[in-house]
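Notes follow once the structure below has been shown.
Rule-based calculations on the coordinates, nothing more; no lab input. Every value quoted in this text rests on a predicted model; they were computed, and no experiment measured them. Backbone-built Cβ (ideal geometry, glycine too); neighbour counts: all protein chains shown.
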Amino acid sequence: MTDNKNKNSLPEPSISIEASDRAGASIDVSIKPKKLKKQQRKKALNFISLANIVAISAIFAGGFVYVTLLPHETKADDENRYLTKFPEFSAKSYASGEFTEGVADYFDDTVHDRAHIKEFISDYIMQLKGRKYGADGEEAELFGSGFEKKAAVITTAPVTTAASVSTSVTTAVPEATTAPAEEAPADGELTNNILIVNKRGVTLYSGAWGAEQEYASYVSLYKEKLPDVNVYSMVLPTSSSFYLPEKYQNLAYSEKEDFDRLDAALHNVIPIDAYSILDAHKDEAIYSRTDHHWQPLGAYYAAQQFALTAGVPYPELSEYETVTLPGYVGTLYMYTQSATLMNNPEDFVYYKPKTPVTVTQYNTRFENPVAANLLLDPSYMANSGYYMVFGADERIVHVNTECKNGRTLVIFKDSYGNALLPMLTGSFENIYLCDIRYFDLNAVDFINRVGATDLLFAMCSFSAVGGNRNCIYNNLTK
């Protein structure tokens, strides 16, 4: 038994150490294999930990140098905007946290070579974002939270009187409904509910929910206060009405149904049916694929319908100079960062009147007149900013034309209405273009002051039934 036990046991390894005080003597120290492996593993872990610290430190140091020391950009051409500026320091802003927040925003917004970083994110990371729909050949992406499509609200048209809107905007329109109306999205925000399909971005219309009645009452009040002025309402559809494939119709509400209810609620105001004429030309490039605006060709057809209703002359498209700007990628790319839109730019085509006009630009209080051009020169603009040939919104523009018919038109509009101005220079002797969102005068006083014979409200559905509709009423109270 003992012999078998000794036979199976192995000798432990030993290290021989010569003693300094006894020649030829040695000391045998036994080291167990488990202890040796533990020491080796500890050394390996220490090395890995050190390597991790060095690597992470190098990444942070490199990132710090990249973010803080490399040149900071000041303008984003693909977004058509100037980037965040470094905030000014003050004890008050520092104590409130505003300064430090501004510093963070500055470094976040002005990182070096941001365009290429965004392009990388668009090509490789944003592909993972958005909800995928459809099968091969008709795939689509939905950007935003989406919304549940509900039964339409049935409303009765209100009787508009001055008393009904004089006390409060929210109580201006008495409504009878079979279901409680929901508030439309404020200011027609486009950060949600954008569908990318067939290489086109489509803003999904989320319904009026009774807001069309308020819009109608506010516009009708202008006619009540201006009985001698022709007042028109032209609410413009978005691309959602014409380019949403059948299989995705459940993602958006019907603009046409809301327009019909809105027009029926107008009182002594002349409705302009832009929807039908745009629908007839939907196979043409009347809306941008990469921008939430329409193309100038769409504005031409809508203005044609307005001119026909107003009884004024309207030139043929051949009487304009056509300018084509390639490589346009508009606001929908900015909102979604979609690689599909970035990789499929479009032509931006606009039309310049051949007849001379005189243009004067004012601030939003109708002060400080400055000679200006009808259209801006796009040669200095980034491709993404081509829509800015129509200028900015925060101004009042007066155009005097060679159409001497004694008609003076005031246009109250949102950004959609900018593209109408060049199209109407052959139809009215004087045109005043005013943005409802940036107008610092009493609207009725202004209309009387310029001697307007005609007043046109021209805006897209998002403004008419969104928060911008309140600007129409507010401009009466200034």
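What FRET efficiency do you get for PHE47 and ASN198 if R0 is 56 Å and r is their Cβ-Cβ distance, rounded to the nearest 0.05? Don't skip to the end; give the middle numbers.
Working: r = 56 Å, r/R0 = 0.99.
It comes out at approximately 0.50.
Just need the relative contact order of region 305-375 here, percent rounded to a whole number, with Cα pairs under 8 Å and 6+ apart.
Answer for region 305-375 is 27 percent.
Pop a pseudo-label 7 angstrom from the Cα along the beta-carbon direction at both LYS247 and ALA91 and give the gap in nm to one decimal.
With each label point 7 Å from Cα toward Cβ, the separation is 6.6 nm.
Fewest first, what order do LEU45, LEU204 take by the number of other Cβ atoms within 10 Å?
Values: LEU45 10, LEU204 23.
By the 10 Å Cβ count, ascending, the order reads LEU45, LEU204.
Could you calculate the contour length gain from GLU284 to ASN363, that is, 0.36 nm times the residue separation minus the distance between their Cα atoms, to one decimal place in nm? Numbers along the way, then the final one.
Numbers: separation 79, 0.36 × 79 = 28.44 nm, distance 3.61 nm.
Stretched out fully, the GLU284 to ASN363 stretch lengthens by 24.8 nm.
Please report ILE56, ILE194 as a ranked list, fewest other C-beta atoms within 10 angstrom at the top and most at the bottom.
Placing the least packed residue first, the sequence is ILE56, ILE194.
Taking 0.36 nm per residue of sequence separation and subtracting the Cα-Cα distance, how much length would be gained by fully extending the chain between ASP105 and LYS352, in nm to one decimal?
Values: separation 247, 0.36 × 247 = 88.92 nm, distance 4.01 nm.
That pair, ASP105 and LYS352, stretches by 84.9 nm at full extension.
Report the calculated FRET efficiency for TYR66 and THR322 (r = Cβ-Cβ distance, R0 = 45 Å), to the nearest 0.05. Mind dumping the intermediate values first?
Working: r = 45 Å, r/R0 = 1.00.
Calculated value: 0.50.
How high is the relative contact order of region 217-276, in percent, with contacts defined as C-alpha pairs under 8 Å that are six or more residues apart?
Details: 47 pairs, mean separation 33.0, N = 60.
Value for region 217-276: 55 percent.
Region 279-388: which GluC sites (Glu not before Pro) are DSSP loop and have at most 10 other beta-carbon atoms within 10 angstrom?
Working: sites: GLU284, GLU316, GLU319, GLU321, GLU346, GLU367; in loops: GLU284, GLU316, GLU367.
When the GluC sites (Glu not before Pro) of region 279-388 are filtered for loop state and at most 10 Cβ neighbours within 10 Å, GLU316, GLU367 remain.
Quick one: order ARG289, ARG261, ARG449 by neighbouring beta-carbon count within 10 Å, fewest to most.
By the 10 Å Cβ count, ascending, the order reads ARG449, ARG261, ARG289.
Given a Förster distance of 45 Å, report the FRET efficiency between ASN344 and ASN442 from their Cβ-Cβ distance, rounded to the nearest 0.05.
Values: r = 46 Å, r/R0 = 1.02.
Efficiency, from the Cβ-Cβ distance: 0.45.
Considering the dipole of region 257-320 built from charges on the beta carbon (Lys and Arg +1, Asp and Glu -1) around the Cα centre, which of TYR320, LEU308, LEU297 is farthest to its positive end?
Of the candidates, TYR320 comes out farthest on the positive side.
7 Å from Cα along Cα→Cβ at both THR74 and ILE56: what's the point-to-point distance in nm?
3.9
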